[in-house]
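Inspection log for the structure reproduced underneath, given as structure tokens.
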Amino acid sequence: MEIFRGTATFSGIAIGKILYYQRSDYQIRQYLVSNIKKELGDFNEARLTAVRQLRELYERNCIDNSAQAKVFLDQAKLLESGSFQRAIESMITLEKVNAAYAVMTNRDELVTTFRRLEEPSIQERINNVREISNRLIGILGGISPKINLGETPVILVADTLSPTEIMEMDKEQLLAVVTHSGSSVSHASIMAKTMEIPSLVDIEINDEWDGCNAVVDGYTGTLYVNPDREILEEYEIRRKADKKEREELLKLKTEKDRTIDGKEIGLYANIGSLDDLSSVLFYGAGGIGLLRSEFQYLGRENYPRENELFLAYKKVAETMGDRLAVIRTVDLGADKQADYLDIPDETNPIMGNRGIRLCLDRKRMFKAQLRAIYRASAYGNLAMMYPMISSEEEMDEIEEIIAEVKAGLQEKGIPYKDIRTGIMIETPAAVMISRELARRVSFLSLGTNDLTQYTLAMDRQNPLLKGKYNDHHPAVMRMIRMVVEAGHAEGCKVCICGELAADTALTETFLRMGVDSLSVVPACVLPVRKALRETDLSVSL
Ligand code: PEP
Ligand code: MG
């Protein structure tokens with residue numbers, strides 16, 4: 001048994017087998033093809049291109065680096081071998097699937113079948129299969145970041161995972177996520193939290209763990225690889241206890257969000273896709289305090305169309321009914337990239353063209369989203385807020401665009417509501433001008449993940465800053481207080497929607513500051529409800 005300690009980003013216990021994921025293993029989408037002859041032709045052309053590339057690589061390297069060059073030659077031969085070709089051709093023909101998908105499936109089947117065999121010649125052949133398959137998939141195009149988790153739920157181990165990769169995963173097949181990079185407030189971790197999956201970061205991972213048994217302790221941040229019997233038995237018991245504790249919490253699903261002395265607090269959920277809507281209702285949240293709208297923009301090849309956005313927001317509005325649903329306009333850039341956005345390389349993307357700046361830069365994209373939100377507003381209780389605001393000038397521009405959007409809808413007789421708008425307070429600049437900002441909207445929402453990052457000048461994703469990135473820093477606490485006071489002075493409600501809102505050690509502090517509402521991942525709604533129901537604000541400290 002080996003024991004590794006990292007940082008837990010979502011609690012819970014998982015016991016199962018490890019699936020080691022390496023990003024170079026391209027994953028692609030499956031679709032049915034009608035013209036099989038063409039698909040076979042495309043596959044064959046890609047195969048010949050790959051053979052040509054590999055033979056050129058062999059020629060170029062055979063003198064200086066003969067061992068590696070021989071690998072290229074072996075791979076070219078494998079591509080020319082009848083068995084590899086036939087396996088893929090027969091899958092395309094019989095199952096009528098696209099060539100890239102057939103190559104990927106063949107690759108994954110071979111790798112899964114032989115991965116536990118240690119014979120060096122077999123491992124070498126498997127590596128060659130993996131590499132030629134990836135080469136072919138690259139030539140055939142259609143790469144997508146969907147990770148194939150297989151049939152049995154696994155503990156996914158990876159050096160790093162992007163928000164897109166997390167988003168595309170089949171969460172039914174995930175027991176836990178363990179990565180080397182990331183932090184508790186990195187976007188990938190937040191998504192894993194929303195999926196309610198125990199997750200650890202900052203673990204030195206090893207590709208040899210693939211297929212090994214493991215235990216993930218999402219309370220202490222510990223990973224046990226090949227756990228011995230005692231550990232397994234202990235964690236089986238803890239998993240059951242965990243389940244029981246969760247069942248106790250579930251009794252609070254229909255209780256009010258009211259302190260002992262009777263103050264009503266808004267308790268909302270943060271979600272990152274339509275799949276999470278059911279958890280908002282399941283845990284009895286008051287609504288959605290933060291809908292991270294990026295899910296329709298990531299993991300695809302082009303901008304989403306207005307109608308697609310509209311249908312999603314309409315579904316949110318209708319599902320939530322009278323409950324509030326706050327859509328955060330899209331916060332792309334930095335760690336949330338898509339090729340089609342074509343954002344030029346930036347030295348410091350976290351401080352670059354992201355959030356509202358990107359939207360104001362891509363007005364067509366922004367307008368399409370605003371139109372979609374307004375159109376959907378007729379179907380429920382929507383509100384909207386803007387991320388990464390740092391100046392009043394940005395608000396001037398937004399207000400102008402909104403006026404145009406509304407005029408356009410009126411002209412066409414499309415119904416919409418004058419929904420409430422809000423500003424996310426995520427930059428120190430926004431804190432300092434929060435009074436001016438509060439005059440322009442009906443609520444402020446503190447994004448403490450980014451606010452901490454920009455206040456401390458510490459990258460929220462950098463594992464080396466673990467122990468230094470301190471979201472309880474007095475500067476952050478003082479800023480929250482300032483924003484509450486500024487917001488209230490202008491008649492604005494103030495919410496916290498960053499991860500800090502779920503920190504029950506701070507619930508009482510926030511309530512005493514006068515915070516009106518908290519918005520947390522769905523799985524944290526009940527623990528926070530418990531904490532606020534145990535708070536008595538009439539008792540002075
Ligand atoms: C935040 O920064 O606290 C926030 C809620 O936004 P995100 O985590 O999506 O950047
Ligand atoms: Mg943010």
Rounded to the nearest 5, what is the percent of antiparallel bridges among the DSSP beta bridges in the chain? 35
259, 9, 220, 319 arranged by Cβ crowding within 10 Å, fewest neighbours leading: 220, 319, 259, 9
Any idea what the relative contact order of the chain is, in percent, if you count C-alpha pairs under 8 Å spaced at least 6 apart? 15
Where a ≥ b ≥ c are root eigenvalues of the Cα gyration tensor, a/c under 1.5 meaning rounded, otherwise prolate if a/b exceeds b/c and oblate otherwise, region 234-282 counts as oblate
In terms of the Cα gyration tensor, with a ≥ b ≥ c the square roots of its eigenvalues, is region 369-423 rounded because a/c is under 1.5, prolate because a/b exceeds b/c, or oblate? oblate
Report, ordered by chain and residue number, the aspartates and glutamates lying within cross-link reach of residue 70, taken as a straight Cα distance under 18 Å and ignoring same-chain residues fewer than 8 apart. 56, 59, 80, 124, 131
Computed [θ] at 222 nm, deg cm²/dmol, the chain (DSSP H ≥ 4; -39,500 (n - 2.57); rounded to nearest 500): -14000 deg cm²/dmol
Rounded, prolate or oblate (a/c below 1.5 giving rounded, otherwise prolate when a/b exceeds b/c) for the chain by Cα gyration tensor: prolate
Taking 7 Å along the Cα-to-C-beta vector as the label spot, tell me the residue 204-residue 505 distance in nanometres, rounded to one decimal. 2.7
R0 = 60 Å: FRET efficiency of residue 263 with residue 360, Cβ-based, nearest 0.05? 0.95
Quick one: 58, 31, 101, fewest Cβ neighbours within 10 Å first, how do they rank? 31, 58, 101
Between residue 302 and residue 540, what length in nm is gained on full extension when 0.36 nm per residue of separation is reduced by their alpha carbon distance? 80.1 nm
Starting from the 7 Å offset along Cα-to-Cβ, what nm value, one decimal, do you get for the label separation of residue 250 and residue 232? 2.7
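Here, each number is a calculation from the coordinates, and none is a lab measurement. From a predicted model like this one, the values you see are computed outputs, not experimental measurements. Positions of Cβ are backbone-derived with ideal geometry, glycine not excepted, and every protein chain shown enters the neighbour counts.
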